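Quick notes on the structure that follows.
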Amino acid sequence: MSEWLPLSLTLGYVLLALVIGLGGRAERSSNALEEWGVAGRSMGPVTLYLLIAAGSVSAYTFMGAPGWAYAKGVPVFYVVVYLGYLALVAWYFGPRVWAFGAHFGHVTQASAIADRYQSPGLGALAALVMAIGSLAYAVLQTIGSAYILNVMSGGRIPIWLGVVIVLGAIAVYLTLRGQRAIGRTNVFQGILMFAVAWSVGLWATHSATGQWGFDEVYRQALAERPAFLTLPGAGGDMSFAFWTTSIIVSMLSFMPPVWTQWMSATSARTLRLSATWLPSYYLVILPLVTVGFIGVFALPGLERADTVVLEYAMANLPVLLVGLLGAGTLAASMSSSEPFIHSVALSLSRDVIGPWAGFSDERAGRWAKRLIVPLMALVIAPLAIAEPGSLVMILLIGLGFASQVLPAFIGMFFWPRANARGVTAGILAGFVVTVACITLWPHPLGIHAGFWGLLVNLPVFVVTSLASAPTDESVVERFFRLAAPAWSQKRWSAPRDEPQELSNSRQRAVDNGV
């Protein structure tokens, strides 16, 4: 019985997630684009805190990060900088994005881009480029889920079947409930992940050192394997340049699911409160990375570094805790794959297919739901089963593509002179360079491919914007009165004639702290 307990708890979690995701009743029809896409902008501070936190804590945290600690050592801590920056970004940009959505009716990142630059074509281009990064992230999480079921079952559940089980469960509640299901499941998943991570980390440390603290693990690493605690890390294959540019690329990637999560808040104040507390959740990564360092001594020669926590737990921890680890790791994978699959389907329907087919918002909502299963069956599942590379490298490559949309955000928040031609030229140039620096000449000079893309992207964006006609002044004014109210007040001291609804919405933005 005890040998089946870990697998039973892990599979039981899949069933429980399905029940939670389908629970509750939507306040509006789930076919409504705003309901399915951003939960009717109804999420309070606690739900939003766990929605964002659980969405950013993934298979990377439970598997990829400990795997990098095991294989490379200190380079894994790039994620500490990255996650800390995400909380700052949410605090500063989140309320402005929320204001765009609430006042202008945006439900996707690409729809905000299309509106700012008055170009549905640019919105579609941004949606497609971001879809590459988002799908790479969803593939990463699905591989993590399959690993978990494979290890928990002692190899009885092959990778392909694990992919089918997890994606099948997500497909049901995501199709029927959309963002509201993501919010409900992430609340439970977020609590479970934090509790499991610290329980496993402390127990593993006590098992390895006889102490409940982490300090002895790092003292041993410093004494016996000092290369693990200095860049470029063990093996010397992680240069300082790649480590640094990976952080920069990660920080400059405004991923669509995060944008959608921000727009799901009840108000800008709610979002800012959640973002203020967000760094507290990221303590979840510390105990798991420590287990990765323990594995350096306890599990030498491990074939798959990404499974170090699972392997150590199965060999050294109580069977009940192993089962909870399986459930917690699966929760991490599912809580992150859900929002990325959701955002791709939503944006493809609303921003790529919709403008071409003339969809109403309700029809775009129905099509978004219909795209969930084809995306899983035709893209995510085949790539996950093929297992293309390590979990961390899949993530970094996906972020490299996503970062190429940066010019669109510069023009939305900082530079009124940016226009559609400049943004389009920059994205295309950066995309081509990123592809070349991944396939033809991988990460030249040890610098991340996405960073090379940005080095070409940004100058092309600036030069092309200055050489072509600016966006209509009234559109720029409309955005910058919300994005930079103090600056815009100096530039446009006297408001232009505008609809009363928009004037009232700006006042609401002030009342909500934007």
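Structure notes:
- Using a Förster distance of 35 Å, the FRET efficiency for GLU224-TRP277 (Cβ separation, nearest 0.05): 0.35
- Helix 179-209 axis versus longest C-alpha principal axis of the chain: approximately 30°, rounded to the nearest ten.
- As a ratio to 2.2 N^0.38 Å, the alpha-carbon radius of gyration for the range 267-325 is 1.60.
- Among TRP98, ALA69, TYR49 - extreme Cα towards positive end, dipole of the range 24-154, charges at beta-carbon: ALA69
- Farthest positive-ward along the chain dipole, Cα basis, beta-carbon charges - from PRO470, GLY450, GLY430: PRO470
- The range 288-417 pair-distance distribution - Cα-Cα, 5 Å bins, rounded %: 2, 8, 11, 14, 15, 14, 11, 9, 6, 5, 3, 1, 0
- The ARG370 and GLU216 beta-carbon pair, evaluated with R₀ = 45 Å, returns a calculated FRET efficiency of approximately 0.25.
- Viscosity 0.890 mPa s, 25 °C: Kirkwood-radius Stokes-Einstein D of the chain over Cα pairs, µm²/s: 105
- Net charge of Cβ neighbours under 13 Å - reference SER58; Lys, Arg +1; Asp, Glu -1: -2
- Its Cα centre serving as origin, the range 234-375 has a Cβ charge dipole (Lys and Arg +1, Asp and Glu -1) of approximately 560 debye.
- Positive-pole candidate from LEU321, VAL291, ALA384, dipole of the chain, charges at beta carbon: ALA384
- Using bins of 10 Å that start at zero, the share of Cα-Cα pairs per bin across the range 13-156 amounts to 9, 26, 36, 22, 6, 0, in whole %.
- The gain in end-to-end length when the LEU455 to LEU15 segment is fully stretched comes to 153.8 nm, 0.36 nm per residue minus the alpha carbon separation.
- Fully extending the segment from LEU202 to ASN316, taken as 0.36 nm per residue of separation minus the present Cα-Cα distance, adds 39.8 nm.
- Prolate/oblate/rounded call for the range 164-217, Cα gyration tensor, a/c under 1.5 rounded: prolate
- Across the range 236-327, the relative contact order, built from alpha-carbon pairs under 8 Å that are at least six residues apart, equals 14 percent.
- Charging the Cβ of each Asp and Glu at -1 and of each Lys and Arg at +1, and nothing else, the dipole of the range 73-221 about its Cα centre rounds to 340 debye.
- Given +1 at the Cβ of Lys and Arg, -1 at the Cβ of Asp and Glu and no other charges, the dipole of the chain around its Cα centre is 900 debye to the nearest 20.
- Kirkwood Rh (inverse of mean 1/r, distinct Cα pairs), the range 159-257, angstrom: 18.0
- For the pair GLN489 and TYR92 in one chain, pulling the backbone fully straight at 0.36 nm per residue adds 141.0 nm over the alpha carbon distance.
- Averaging 1/r over each pair of different alpha-carbon atoms in the range 172-317 and inverting the result gives 18.3 Å, the Kirkwood hydrodynamic radius.
- For the range 318-379, diffusion coefficient by Stokes-Einstein and Kirkwood Rh (Cα), 25 °C, 0.890 mPa s, µm²/s: 183
- Helix 45-56 vs. the chain, principal-axis angle (Cα, 0 to 90°, nearest 10): 70
- Angle in degrees between helix 473-483 and the longest Cα principal axis of the chain, rounded to the nearest 10: 40
- Within the shell defined by Cβ-Cβ distances under 12 Å, the residues around SER468 carry a net charge of +2, with Lys and Arg each +1 and Asp and Glu each -1.
Values in this text are rule-based calculations from the coordinates and carry no lab data. Note that this is a predicted model, so its numbers are computed, not measured. Note that each Cβ is placed from the backbone with ideal geometry, even for glycine, and that neighbours are counted across all protein chains shown.
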